[in-house]
Amino acid sequence: MSVGELSSRLKRVVEGEFSHVRLRGEISGYKRVASGHCYLCLKDDAAVIDGVIWKGQAAGLAFRPEDGIEVVATGRLTTYPGRSKYQIIIERMELAGAGALMALLERNKARFDAEGLFAKSKARAPLPFMPRRIGVVTSPTGAVIRDILHRLEDRCPSHVLVWPVKVQGDGAANEVAAAVRGFDALPDHLRPDLVIVARGGGSIEDLWAFNEEAVVRAVAACSIPIISAVGHETDTTLCDHAADLRAPTPTAAAELAVPVLADLRFTVGAHGQRIERCARRYVERGRERLDAMARLLPSRDRLLGPQRQRVDDLGARLDRGLERRVVRARGELDRTGAVLRPALLQRRLEGARQRLEDLGRLLASVDPDAPLARGYARVTDRAGATLTSAAAARAAGALTLKFADGAVETKVEGARARSYSPAKPEQPTLL
């Protein structure tokens, strides 16, 4: 018998005898390869067995395997001929009891807190006072969604968007995470102002989907304020730590999401009455202060008496000043009228006329052409210069004889050519 034949016979025996088994043990050496398959070992105090989780089964696990976690694995035994070893092909795996779950929960909580995924819960940012749209991530059936809707209707009717998801079992964590991301990705006109992630009470196994990494990261990354309302008041999940606010129950989440509309109306009315009373008191106090200040002011006669007297004095002074100016102007007018009397003007006019006549006679007496009317002639050269001597006439040669009624040109016989400058008359001409 060859080694291969022996290995094949052992494989058939093992797979035939142990077609399906449930093993409880602690995970060690866990690794996930690029193909998506997972390899690990299950061990207890006495032995170790290798295990394989194929990619399809690994995607459906309800938690993330880690070293040191005690689990219960269900699968079938087989052998690996290449190394002559047997192993379990794991088809299903769950945590072994609440103790293991709590240990895993605490490790994940510390890891997520170190990454800063719980920063929103620590910051305690205020929620919208009166959200117009509220998104709810929960199961579409059951008491949770009914309690939330009824409570919102009683307190303050709002527009509610329900994103139905599985809240327990395989795939629940992925659906919850996808719903949170879906609300966050909606356009502004559809995007809710607040999101409630809710589920009813249950065991730690039932609530485990809200401890998964996918849900925690989606809630921490959401830009919309989130209220986590998972389980009862004593239940705490990692989703509670990642959310902006934790509510002990889904009903309490609805109460935290919106105020009571009737209380708001009462508060507004009460504030209005207080404002009215304060305004009335303010006006009354102002009137009292005004009256007190008015009493401190002097009377109108005391305030205006000196001013009236001053106005009267100024009016009297103005009247006297105007009267003096009128008298002065009248005197100046009289003096000017005296200067402009008709007799005086007549005498001045006669004197001016006499002086004008004297000047006319004086002008006529010095006119060089005046003797021409009595038979005399004025002798000039061709340039118009007056010749007063025979020598000047002989020197000029050509003469002009100017009479009273005209001029005659003539020549001097025997005139000698020599330069001659006519003598200037002693009496300057008026022409």
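Just a few scattered comments:
- Selection within segment 28-42 - surrounded by fewer than 16 Cβ atoms within 10 Å (Cβ to Cβ) and in a strand (DSSP E or B): S28, G29, K31, R32, Y39
- Every residue from segment 396-431 that is over 19 Å from D369 (Cα atoms) and at pLDDT 60 or above: A396, G397, A398, T410, K411, V412, E413, G414
- Among the residues listed as E255, E284, E276, the single one being of a type outside the set (A, V, I, L, M, F, W, C), surrounded by fewer than 19 Cβ atoms within 10 Å (Cβ to Cβ) and within 22 Å of D147 (Cα to Cα): E255
Each row is one residue, and each column tells you yes or no for (1) at pLDDT 85 or above; (2) surrounded by 15 or more Cβ atoms within 10 Å (Cβ to Cβ).
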site: G75; (1), (2): yes, yes
site: Y86; (1), (2): no, yes
site: L104; (1), (2): no, yes
site: R111; (1), (2): yes, no
site: K120; (1), (2): no, yes
site: R124; (1), (2): no, no
site: L127; (1), (2): yes, yes
site: M130; (1), (2): yes, no
site: P140; (1), (2): yes, no
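- Among the candidates Y86, Y30, residue that is out of contact with any Pro (no Cβ under 6 Å at 6 or more places or on another chain) and either hydroxyl-bearing (S, T, Y) or assigned by TED's automatic domain parsing to the domain that holds E205 (or both): Y86
- The residue list A198, A119, A214 contains one member that is closer than 26 Å to G56 by Cα and either in the same structural domain as V258 (by TED's automatic domain parsing) or touching a strand residue (DSSP E or B) at 6+ places or on another chain (Cβ under 9 Å) (or both), which is A214.
The values are calculated or read from the model by the stated rules, or taken from the named source; none is laboratory data. No experiment lies behind these values; they were computed from the predicted model shown. Because the Cβ atoms are built from the backbone with ideal geometry, glycine has one as well, and the counts that use them run over all protein chains shown.
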